[in-house]
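The values are calculated or read from the model by the stated rules, or taken from the named source; none is laboratory data. Keep in mind that what you see is a predicted model, and the values were worked out from it rather than measured. Neighbour counts run over all protein chains shown; Cβ positions are idealised from the backbone, glycine included.
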């Protein structure tokens, strides 16, 4: 794969050398008084410690020193900027995955012979993990039982923990909702969702709004909740079981997220 864009700007990819590995995995180890260790992640896969560094090397060309200077200055203007890095499977492929990053340092070791080109090194601090791939948007209405199951596919190779779940009441107000993933998640919201209002649960930001107003205090984690994240969608899929209290079978649920890529 090749990283080709940053903050909507095309990056130089002439004679590229790119470090596209991952950062240090957070080991989650805690020293115990008896000299032993406790692994906070147990048998779970540990997340990448953020931020981590990605270095890109290339050459910036021009038709002469003035042209080279203009092209280099365009890159220098991005120093310190924050935006999405975009990587592709090949230099000519369509855009594939993105991750938010900050351009921290720019190295330009110019020599006397660098008239029509100069080598350049860009050091980025990557601020999120995993990289984001194809978008998914799943929406459906409740059935008459008040409970529905949504299969959320993740076609990437890394777990996603930031889906946004929107529950909208129609015809009749809703007085609570439970969202479960067997063996992992048990979110219970107890509040009043008025007719045509939307309850928005942002699992990445860990926020809840009811018709735009903060509703975090009305959320509790049930006895079956077994992880620090609210909802995880591992590589493959996760099945969300959502139960409403009140409302009607025309009330809807929408889940929006993107594939996760390491």
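Which ones in the stretch 1-12 are exposed (fewer than 15 other Cβ atoms within 10 Å of the Cβ) and at pLDDT below 90? Across the stretch 1-12, there are no qualifying residues. Of the residues making up the stretch 196-252, those that are touching a strand residue (DSSP E or B) at 6+ places or on another chain (Cβ under 7 Å), in contact (Cβ under 8 Å) with a residue 40 or more places away in the chain, closer than 17 Å to residue 174 by Cβ and not in a strand (DSSP E or B) number 4. Across the stretch 171-225, the number of residues qualifying as on the phi < 0 side of the Ramachandran plot, under 23 Å from the mean Cα position of the chain (by Cα) and loosely packed, with under 15 Cβ neighbours inside 10 Å comes to 6. Does residue 155 meet the test of being farther than 30 Å from residue 247 by Cα and in the same structural domain as residue 202 (by TED's automatic domain parsing)? Considered against the rule, which asks whether it is farther than 30 Å from residue 247 by Cα and in the same structural domain as residue 202 (by TED's automatic domain parsing), residue 155 comes out as yes. Number of residues in the stretch 69-83 that are more than 30 Å from residue 161 (Cβ to Cβ) and either in contact with a helix residue (DSSP H, G or I) (Cβ under 6 Å, 6 or more places away or on another chain) or in a loop (DSSP other than H, G, I, E, B) (or both): the value is 2. Counting only strands (runs of 3 or more DSSP E) that fall entirely inside the stretch 22-68 and contain at least 1 residues that are at pLDDT 90 or above, touching a helix residue (DSSP H, G or I) at 6+ places or on another chain (Cβ under 8 Å) and in the same structural domain as residue 106 (by TED's automatic domain parsing), the qualifying elements are 52-61.
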